[in-house]
1. With both bridge residues required to lie in the protein assembly as shown, what share of the DSSP beta bridges run antiparallel, to the nearest 5%?
2. Roughly how large is the B-A contact in terms of buried accessible area, totalled over both chains, probe 1.4 Å, nearest 100 Å²?
3. Based on the alpha carbons, how large is the Rg to Rh ratio for segment B:101-149 when Rh follows Kirkwood?
4. If you take the C-alpha gyration tensor of the protein assembly as shown, multiply each eigenvalue by 5 and take the square root, what semi-axes do you get, largest first, in whole Å?
5. Magnitude of the Cβ-charge dipole of chain A, K/R +1 and D/E -1, about the Cα centre, nearest 20 debye?
6. Kindly identify segment A:454-558 as rounded, prolate or oblate by the Cα gyration tensor criterion: order the square roots of the eigenvalues as a ≥ b ≥ c, call it rounded if a/c is under 1.5, otherwise compare a/b with b/c, prolate if a/b is larger, else oblate.
7. Less than 19 Å from a label point 7 Å out along the Cα-to-Cβ axis of B:E81: which backbone N atoms in segment B:100-128 qualify, by residue?
8. Please work out the FRET efficiency for the pair A:K76 and A:T359, using the Cβ-Cβ distance as r and a Förster radius of 45 Å; give the result to the nearest 0.05.
Amino acid sequence: MQKEVYSICFGCSVRCPIRVVVEDDRVKWLEGNPHVAGMEGSLCPRGMAGIALLYDHERVQSPMIRTGPRGSGKWKKASWDEALNFVADRLRKIINEYGGHSVVLGERTQLSTHVSKTFLRAIGSPNHFTHDAICKGSVNTAGRSLFGYTDAQMNFDYANTKHIVMYGRNLFEAIEVKAVNNLMKALDNGAKLTYIDPRVTVTATKASRYLMIRPGTDLALNYALMHVIIKERLYDLDFIDRWAQGFSELKSFVQQYTPEWAEKETGIPAHEIISLARELGQDKPSVIFHFGYRGAHHTNEIYMRRSILMLNALMGSIEAKGGLFIKKGPGEVGGKPARKLTEQDLPEVKQVRFDKVGTNDFPLPDPNHGVGQILPYAILEEDPYPIKALFAYRFDPLMSIPDTNQTKKALDKLDLIVSIEINYSDIAWYSDVILPESMFLERMDSIQQANGLKPQMFLRHQAVTPRYDTRPGPIILKQIAERLGLEKYFPYNTMEDLVRWQLEGTGFYLEDFKEKGFVAYTDKQIFWDRKDGIKFKTPSGKIEFVSSLLENAGFKSFPAYESMPSPPEGEFRLTVGRCAAHTHVSTQNNPYLNELVPENHLWINTKEAEKLGIKTGDLVEVSSEVGSGFIKAYVTDLIHPEAVFMLHGFGHEAAFATRSFNKGLNDSVLIKNITDRIGGSPAFHDTFVKVKRA
Amino acid sequence: MSKYYLFQDSKKCIGCRSCEVACKTNKGLPVGPKLCQIITIGPRFIGNLPRASYTFMPCFHCEDPWCVAACPTGAMQRRPEDGIVFVDESLCVGCKTCMTACPWGAPQWNPETGKAVKCDYCKDRLDQGLKPACVTVCTTHCLHFGTAEEIPPIRRERYAKAMAALE
C-alpha cells in the first residue's frame, strides 16, 4: 500500500522539508514538500540522492569493533549489546580515572544536539562542540558584536530584494532550495546580483556584476564602500540616527580607505567601487549584503563579517522588505517552543572547556558551539587537561579540522574513539567502535524549531524501517547512558516518546505534523517596526559599530586594515569551497553523487600554469608547510592568479567506501590549523602552497 | 512529435543536475546511463561577465524516430495516444542499434540489464497524473512540462517586463 510521509531532508544541513512516498516499507519517491512555499516539489541533487544512500550497501551496516591497529580496516561485526557495553565499560574507566571532562563529543549541529549536550552534562563534561565554529564561528561572533544576534538568528528576505551582494557566497551551488528560488524570483523581477569571488562559480554566471577580487581583500573593498557611502551620504540617515551607536567613530575610521586605496589592494577599479556604492544607495533599504554561510577564511575574519553587517546597517536594510531580518520565535505570538532535554535539572559542570571558550584566553566565541579546531592542540598539549575519549557524531575531525597529520597525531593519544556514523567516513575508519546511525529516511528526529518571519515547527517523520542494523542517535546515546546509570536524564524509550515530551506545553501534538510535516504559530509574516520596534540584543539595545562585546574583552572595534600578503613567487593562496553535488565531507561515496562529481581538481590560472608547464589533467603535487598530496590540475582563466582552488571533502582514506576511496585530495592535509582568535573561525585561506608537476 | 513539450527556462537553470539524480532514482538506474543530462558550456567571459549555458538534454520524442525505425525487435516503440517514444525492455536484445541511430544520443546503455534504456517522460508518472521526475524536483522550477499549448510564455513575459518603463 502506498502512503506519503512528510519529513525533513538531511542531504545537507539546510534541512529542507520533504514529502516521501512509501510503498510496502520501501521509499519509492522523494520530493520537496509541496505545501511549503519556495519548495513546491523542488529538491537539490544531494537530497534527491537520499534514496541511493538508503539502499547503499557501503553504509555501516551494523556496530563494528576494531580488531587491528587504528585505521588498518580490521573490524569485527558486533551486536548492539556488545558494542554498547564495550563503549560504556571503557567510558566508565576513563571517567573514574580522569573525570568526565576528559570526554569530548563533537558533532554537526543537528536536530537532536540537545540530546548530545545532555549526555555530556550527565557524565560531567563541558566538552560538547559542534562543527559550527569551524564553519562560521566568526560570523556568529560578528553578529553578536553588532546586533546581539548570531548569524543563525538572522536571515534574508531574498524574494523582495532589489540588490544582493555576495562575497563568495556561492548560493547557486551551495543550494538552500527556498533561498535559491526566492532569489531567482527577485532576479526575475529585475534585482541585481553583485558577486565577489577570486573564482568564477555558477553563482558568478548568474550575476549582473562580477568582481574577481584579489583573494582575501574583501574587507578592504568593504571599507572603501563604506567610505563612499558615508562621504556621499548614501546611507539611511534616519535609520542610523535611530539605531546606530558609534557612527562617528566609523565615519572617521573609514575616511582613510578611499576607493583608490582599495583599488591597489583588491584589484577592483575605484570607479567600480563608487558605482556599486551609488547603485546600492539608490536601492536601499531593499538591499542585502550577504554575511555568508561559511565564514572561515582569514585570521581577521571577524572584522570582514562585521563589515558586511555594518553595510547592511548603513543601508537600513535590517527588518526592511528585501533586506536582512531577525528570525522571530514563537514568543513573538505568545507561543512556546518545543522543550529540549537540556532544560532538565542537569549536573553542574565546573571545569573550563577543552577549547577554553568563555575564559579570558578565548572570551568571545559562542560556548554553545565551542571551537572544534582547538581539539588537536588540547589533546597534544594536555592543556587545560588530558583528554582521553572522543565521540565523533557525524563529524569528521580528519577532514573538517585543518592539518590532518596533526589531528591524527592527536587522535593517536586518545584511549577511546567512538563514531556515531552513517557512512564509512575517515573518522569512522579511524575509530575503535562504530555505532551506526539510521539515515534520515529511517528515523524520527527531535523537533525542528524553525524560527523566521513566520515561526513554525517541522518534524522529521520516519519514512521506513532501517534497512540495516542501525539506530537513531538519541537512542544510541540513551543506551550508553543507561549503562552508566544515567538514564534518568533521558525520559524516553522511542523517538516518538521524545518528541511527545518536547511538545508538552506547546499546544501542538505529534499528530498535528502528519498532514503537512509542520505546524505554524501564525500565518502572518512578522517584521518589526523599523522606527521603534527592533529588539537588538546588544547591551545598548542598538547596533554597536563600537562594540561593547569586543571592547570589554580588550579588542578593538576598528583595528587598522593590514594588507593581505600576496604569495611569494611560485606559491599560491589555497582556497576551498563546494559544489552542488556534495555536502562537505559526507556524500562523496553516494553512488549517484559520486557519479556527478567523483573527485576534486586543482584550479590554477592559465598564465601561472604555463609558467609551471602544467596542463589540464596533469597530476600535480601540492605542498604546504604541513602536508602535501597529489591532485589533477584544471587550468583556467576563471581564477585569480594568486589563488588555487579545490573542492573540499575529497581524498577519503576509508577503504570500505570504495567509490570515494583515494579519489582526489583532502584539502585539510594542506591547510594550517590557525584561528581567528577573536571570532573563533579557523582560517582556511591563509595557507600558501607550492604546485609542481608530479 | 509527442503532444508534450518539455521546456527549459535556461535563464533559471543553475546546472545542479537534480534532474539527473531524480531521473535515475525514479528508474532505479545504476551508475552509467543518463536519460537526461545537463550539458554545461562555459563559463566564459562575455565582456566583464562570466556566462555559462546549462542545456537540458532529454529525449525529444520525435515524430518519426530514428531509434524506432532502427530497432530490429520492435522493443523501441512510439505510444500512439501521446507520441511518447519508449523501450519495452522485455523485447530489447541489447543490440545498441537505437543508440547508433539517434542523432542526439538519447538512448542509453544499462550495464546492469544489458539493454537499452531511455527517457519516456516518466510515462508511469504521467499516467498517474504526475509530471516527469526531472520536472517535479527541478531545484529552480526551470523545467516545465505539459502539452505544447500549456507551457506559459515565460520568455515573452520576461522580455516585456524588461522593456516596460512603468517604474
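1. Around 60 percent of the beta bridges assigned by DSSP in the protein assembly as shown are antiparallel ones.
2. Numbers: alone 9910 and 25340 Å², together 32170 Å².
Between B and A, the summed buried area is about 3100 Å².
3. Values: Rg = 13.3 Å, Rh = 12.8 Å.
That ratio is 1.04, to two decimals.
4. On the way: eigenvalues 312, 258, 164 Å².
Computed over the protein assembly as shown, the values are 40, 36, 29 Å.
5. Values: 84 positive and 84 negative charges, 78 e Å.
It comes to approximately 380 debye.
6. Numbers: a/c = 2.99, a/b = 1.61, b/c = 1.85.
Oblate, because a/c is 1.5 or more while a/b does not exceed b/c.
7. It comes to B:120-128, nothing else.
8. On the way: r = 42 Å, r/R0 = 0.94.
Working from the Cβ atoms, E equals 0.60.
The values are calculated or read from the model by the stated rules, or taken from the named source; none is laboratory data. Just so it is clear, the structure is predicted and the values come from calculations on it, not from any experiment. As a convention, Cβ positions derive from the backbone with ideal geometry for all residues, glycine included, and neighbour counts pool all protein chains shown. With ligands, DNA and RNA removed, areas are computed over all heavy atoms of the protein, side chains included. Shrake-Rupley method; radii C 1.70, N 1.55, O 1.52, S 1.80 Å.
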